[in-house]
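Everything below concerns the one structure shown next.
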Amino acid sequence: MFKILLRLKQYRQTYYSRSLLRQLDDRALSDIGVTRSEAMREARRPFWDCKTDELQDDNPSVLVAYSVVSLTLVAGLGLTFYLSF
């Protein structure tokens, strides 16, 4: 379960960073040393196309929040299903 949460966190970060990269103007791209075509090629890659072999636990509170939210959703769905009958 812990690795799944780390992977989901990595996917979310990858998606977010690629969407930000898509929005940068030419001046900002030149500041980081990336051409417009390189930025668009990277931004078009799917979020799951990232290095997940090197998953790092740099913010454990985020993982705890993911765990709490997922448990709350599962409990809520279970309670809803139970009360519907």
Close pairs from segment 1-14: first within 26 Å of Ala43 (Cβ to Cβ) and open to solvent by less than 50 Å² (accessible area, probe 1.4 Å), partner modelled with pLDDT under 80 and among the small types (Gly, Ala, Ser), Cβ under 9 Å, at least 6 apart
Leu5/Ser67; Leu5/Ser70
Any idea which of Ser67, Ser61, Ser19 is modelled with pLDDT under 80 and open to solvent by less than 70 Å² (accessible area, probe 1.4 Å)?
Ser67
Filtering segment 25-39 down to residues that are aliphatic (A, V, I, L, M) and farther than 21 Å from Asp49 by Cα yields Ala28, Leu29, Ile32
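The values are calculated or read from the model by the stated rules, or taken from the named source; none is laboratory data. Worth saying up front: this structure is predicted, and the values here are computed from it rather than measured. Cβ coordinates were reconstructed from backbone atoms using ideal geometry, including for glycine residues, and neighbour counts include every protein chain displayed. Just the protein is used for accessible areas: all its heavy atoms, side chains included, with ligands, DNA and RNA removed. Shrake-Rupley method; radii C 1.70, N 1.55, O 1.52, S 1.80 Å.
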